[in-house]
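The values are calculated or read from the model by the stated rules, or taken from the named source; none is laboratory data. These numbers were taken from a predicted model, which means no experiment stands behind them. Glycine also receives a Cβ, built like all others from the backbone with ideal geometry; neighbour counts cover every protein chain displayed.
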Amino acid sequence: MSTAPKPDRSDTSELRERVTVSSVPVSQEGRVSVTRRLDIDPAWLDHLLLATCEMPVREGEAAVVECLVRACGEILGQAAVGACFALPALPGDEVGEQRIFKCLPPGEEARGVGVDPTRLFPGYAHERALTVESNGTTLHVASDDPTIEDDDAPVMHVVRRAALAMARGLSFARAHEKARADAENLRKLNDHMVQAEKLAVLGQLAAGVVHELNNPLTAIVAYTDWLLKRHENGDAADLERLTRIGESAARILRFTRDLVAYARPSSETPARVPIELVVERALAFCEHVLAAAGATVERRFEPGVHAVRGMPEQLAQVFVNLFTNACHALPAEGGVLRVAITGRDDVVVVTLDDNGHGIEPEHLGQIFAPFFTTKTDGRGTGLGLSIVKSIIDRHKGELFADRLSPGTRFTVILPRWE
Ligand SMILES: Nc1ncnc2c1ncn2[C@@H]1O[C@H](COP(=O)(O)OP(=O)(O)O)[C@@H](O)[C@H]1O
Ligand SMILES: [Mg+2]
């Protein structure tokens, strides 16, 4: 193999040291533990040292491997150097992703195009591979120089050194990645706590505000109703003004009620709840809204479904909010609400489909956020779905919104009563 300028070996005694490494020749199974004298060109060692110092451990494992492979390629001149490197499996992955890094001598691009991990460079006559202990990385060096077959060839010493450096770099990179992930988790937890704190403050504030507002608002609604009835045949413009006053007050009342429900966790305790009874109660409660929307309700309740573990008042509120939203979205004619209840393993699934105007894809990620609403006509407070979400979370259940064509499906999954 014609490598970088041959080192002057006259004064390398201080570099001689004994190291133990594991070497795995290609096509040979099992590892051979060998003890060797190190006899390497100081220029190579310098270069390797530099590369080791420059290993970008902060940027992760792939960057570390890439850096060392590149450095080895530069040191070893005409040799080809490569590494097989398995990235750790992501959650849900069966196997880790395999990455292959190569560094070919200049003008050698056409050679060694194989991807067989046991032979990265099939274009070359000789190839040796070293497994980096405990990191599962295999470093390959290939050449047409027959000395590459010799475990004692200087190039193999360099490769071994590089492999050890890489192992260290990978450990650092992993530690870095873990530290970064931990810091990120901590940040999220912190955000969560800040949000929870804000909600607690909002809760206290809301309770106070609602308490103050409730009585005067109820009086305004009641007296406007009374005045409207009393002056049924009065001035049309005045009647219109009275109607507006009544509607506005009713809207504030609705908002304050939502705000309290959102901010004040209920003190109900979990019980055995037949979910179909809760759904029926919510439908009865929404009778007026359903009639106003001209909605047809279709029920598909699987017989003999288990009861759920839940808090009936809160669950009723979940379905009242979902039915109300669906009614608001329904077309003027032919609005259909389909409620299905099914049992699955240890959960009960309730789906609610409507054939309304649906949710814009870009809104899907926002609808559960407090105060998000697209209703500009005063019918919305933007709190309904966030209340629904927090109730379902309290039940350790799941909630999904999906687009149908046309319409929307909400899926509520609740743990069943043992
Ligand atoms: N069944 C549905 N069909 C279409 N859009 C919906 C439906 N349910 C919810 N949305 C959308 O989600 C938004 C948030 O709902 P919600 O939190 O209940 O607030 P609000 O009903 O007061 O606007 C609504 O403004 C609407 O844009
Ligand atoms: Mg709503």
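Residue by residue, here is whether (1) within 16 Å of ligand 1 (Cβ to nearest atom); (2) farther than 29 Å from GLY358 by Cα; (3) β-branched (Val, Ile, Thr) holds:
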residue	(1), (2), (3)
ARG241	no, yes, no
ALA250	yes, no, no
PHE255	yes, no, no
GLU276	no, no, no
GLU287	no, no, no
ALA291	no, no, no
ALA326	yes, no, no
ALA332	yes, no, no
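Mind checking whether some residue in segment 327-339 is closer than 15 Å to ILE392 by Cα, buried (at least 21 other Cβ atoms within 10 Å of the Cβ) and within 31 Å of the chain's Cα centre (by Cα)?
Taking segment 327-339 as the starting set, the residues that turn out to be closer than 15 Å to ILE392 by Cα are none.
No, segment 327-339 contains no residue that is closer than 15 Å to ILE392 by Cα, buried (at least 21 other Cβ atoms within 10 Å of the Cβ) and within 31 Å of the chain's Cα centre (by Cα).
If you take the residues of segment 346-360 that are of a type in the set (D, E, K, R) and not in a loop (DSSP other than H, G, I, E, B), which of them is farthest from ligand 1 (Cβ to nearest atom)? Please lay out each step first, then the result.
Filtering segment 346-360 for residues of a type in the set (D, E, K, R) gives 346, 353-354, 360.
Subset that is not in a loop (DSSP other than H, G, I, E, B): 353-354.
Working: ASP353: 9, ASP354: 5 Å.
Selected residue: ASP353.
Could you please find all residues in segment 292-328 being in contact with an Asp or Glu (Cβ under 8 Å, 6 or more places away or on another chain) and of a type in the set (S, T, N, Q)?
Hit for segment 292-328 is GLN314, nothing else.
Kindly indicate whether any position in segment 240-256 is within 30 Å of the chain's Cα centre (by Cα) and assigned to a helix (DSSP H, G or I). So that I can check it myself, show each step before the final result.
Going residue by residue through segment 240-256, those that are within 30 Å of the chain's Cα centre (by Cα) are none.
No, there is no match, as no residue in segment 240-256 is within 30 Å of the chain's Cα centre (by Cα) and assigned to a helix (DSSP H, G or I).
Which of the following residues is of a type in the set (Gly, Ala, Ser), modelled with pLDDT of 85 or more and surrounded by 12 or more Cβ atoms within 10 Å (Cβ to Cβ): ALA222, ALA263?
Working: ALA263 fails: modelled with pLDDT of 85 or more.
Exactly one of ALA222, ALA263 is of a type in the set (Gly, Ala, Ser), modelled with pLDDT of 85 or more and surrounded by 12 or more Cβ atoms within 10 Å (Cβ to Cβ), namely ALA222.
In segment 273-289, which residues are in contact with a helix residue (DSSP H, G or I) (Cβ under 6 Å, 6 or more places away or on another chain) and closer than 15 Å to ASN321 by Cα?
Looking only at segment 273-289, we keep the residues that are in contact with a helix residue (DSSP H, G or I) (Cβ under 6 Å, 6 or more places away or on another chain), and these are 273, 278-279, 281-282, 285-286, 289.
Correct list: VAL278, VAL279, ARG281, ALA282, PHE285, CYS286, VAL289.
Out of curiosity, is VAL388 surrounded by 14 or more Cβ atoms within 10 Å (Cβ to Cβ) and near ligand 1 (Cβ under 10 Å from one of its atoms)?
Numbers: surrounded by 14 or more Cβ atoms within 10 Å (Cβ to Cβ): yes; near ligand 1 (Cβ under 10 Å from one of its atoms): yes.
So VAL388 passes the test.
With the requirement that a residue be away from ligand 2 (no atom under 14 Å from the Cβ) and part of a loop (DSSP other than H, G, I, E, B), what does segment 372-408 give you?
HIS395, LYS396, GLY397, LEU404, SER405, PRO406, GLY407
Quick check on this structure: which one of LEU213, LEU202 is touching a residue at least 60 places away in the same chain (Cβ under 8 Å) and either within 20 Å of GLY382 (Cα to Cα) or among the hydroxyl-bearing types (Ser, Thr, Tyr) (or both)?
Working: LEU213 fails: touching a residue at least 60 places away in the same chain (Cβ under 8 Å).
Criteria check complete, one pass: LEU202.
Hey, does segment 361-371 have a residue that's assigned to a helix (DSSP H, G or I) and within 10 Å of ligand 2 (Cβ to nearest atom)? Steps first, please.
First pass over segment 361-371, keeping only residues assigned to a helix (DSSP H, G or I): 361-363.
Filter again for within 10 Å of ligand 2 (Cβ to nearest atom), leaving none.
No, every residue in segment 361-371 fails to be assigned to a helix (DSSP H, G or I) and within 10 Å of ligand 2 (Cβ to nearest atom).
For segment 9-97, list the strands (runs of 3 or more DSSP E) that sit wholly inside it and hold at least 2 residues that are modelled with pLDDT of 55 or more, touching a helix residue (DSSP H, G or I) at 6+ places or on another chain (Cβ under 8 Å) and of a type outside the set (A, V, I, L, M); which are they? Lay out the reasoning, then the answer.
Values: elements: 18-23, 32-37, 80-86.
In segment 9-97, 80-86 are the strands (runs of 3 or more DSSP E) which contain 2 or more residues that are modelled with pLDDT of 55 or more, touching a helix residue (DSSP H, G or I) at 6+ places or on another chain (Cβ under 8 Å) and of a type outside the set (A, V, I, L, M).
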